[in-house]
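The values are calculated or read from the model by the stated rules, or taken from the named source; none is laboratory data. Being a predicted model, the structure only gives us computed values, none of them experimental. Backbone-built Cβ (ideal geometry, glycine too); neighbour counts: all protein chains shown.
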């Protein structure tokens, strides 16, 4: 275990012991005390065998409620504050307060999300009151920020042109003094759907390619972002988006899959089969409803990211000509990744 990791665990254990011995009132400050300790910790040394990669811009998402994950000593040029969402009525809700990131001196972009295909169709319909109202609300929310980030991930394929005009309206209303960025899913070829790289790049100042979720919660187990897949995504992105506009997204998170899922609805025949297979004999009744428990052995497969995998991906992107990268999200990473990064704002003009 490295000196940094040993120090980290000693500090956390110390705070845990202190919290157990403290009064309830002082215990309320434990979270704040922990953040203060982490903020004061020095950056760990560069892990042996890893190289440093330089980028002109390094973006990172910060989720509302986890502002403490943004440390002052991190090499980050842009923070995307997540996230305001379109609610069920088509209005903007949960807008984060810029003041909560007042200690950060770089650019801060407000992220706008909508995770419903039906709702997205409703709010981007040209000429509708819902769209006009939402555009006003988004631009008003963005007035306190340096940029606006649109993360609408469920645009119906038939609404492609509506989406492009929606983005164009936001770009025009935002003005040229602020950065307009749009998130797009990872792909290795383009089509005429709503996430056409070329068409979005024509409208936006920055295009954030979410090069992750190659494998997801309901897929077979596999890397969130394998190296070959990421290389192919970046190759396609560089063909359709200028390197000055392209931001390649990188995951800090991993995923776990179990080989058995026990959460499901059961017909009586299946219930009887389970009772027989697991030799269930103890059946209880709760207010007349039969219930029983049984145990199964679950094999869990985990794919995750560490400083070696992230460093290898960073090095690969640099060799491909990528000059800007972005992370989802702060607080999920190993701190050992940060010494492998260098922010060089002059890189873009070389």
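Side notes on the structure shown:
- Number of positions in segment 127-139 that are in contact (Cβ under 8 Å) with a residue 40 or more places away in the chain and farther than 19 Å from residue 205 by Cα: 4
- Filtering segment 140-153 to residues that are surrounded by fewer than 19 Cβ atoms within 10 Å (Cβ to Cβ) and within 16 Å of residue 205 (Cα to Cα) leaves only 146.
- Single residue of segment 105-122 satisfying the filter (in contact (Cβ under 8 Å) with a residue 24 or more places away in the chain and part of a loop (DSSP other than H, G, I, E, B)) that is surrounded by the fewest Cβ atoms within 10 Å (Cβ to Cβ): 115
- Against the criterion of being more than 22 Å from residue 185 (Cα to Cα), loosely packed, with under 12 Cβ neighbours inside 10 Å, at pLDDT 95 or above and out of contact with any strand residue (DSSP E or B) (no Cβ under 7 Å at 6 or more places or on another chain), residue 289 qualifies.
- Total residues in segment 310-322, condition surrounded by fewer than 20 Cβ atoms within 10 Å (Cβ to Cβ) and touching a residue at least 60 places away in the same chain (Cβ under 8 Å): 6
- The listed residues are 84, 102, and the only one of them that is over 18 Å from the mean Cα position of the chain (by Cα) and either surrounded by fewer than 19 Cβ atoms within 10 Å (Cβ to Cβ) or at pLDDT 95 or above (or both) turns out to be 102.
- Within segment 204-232, no residue that is free of Cβ contacts under 8 Å to residues at least 12 places away in the same chain sits with its Cβ atom under 7 Å from a residue that is outside any loop (DSSP other than H, G, I, E, B) at 6+ positions apart or across chains.
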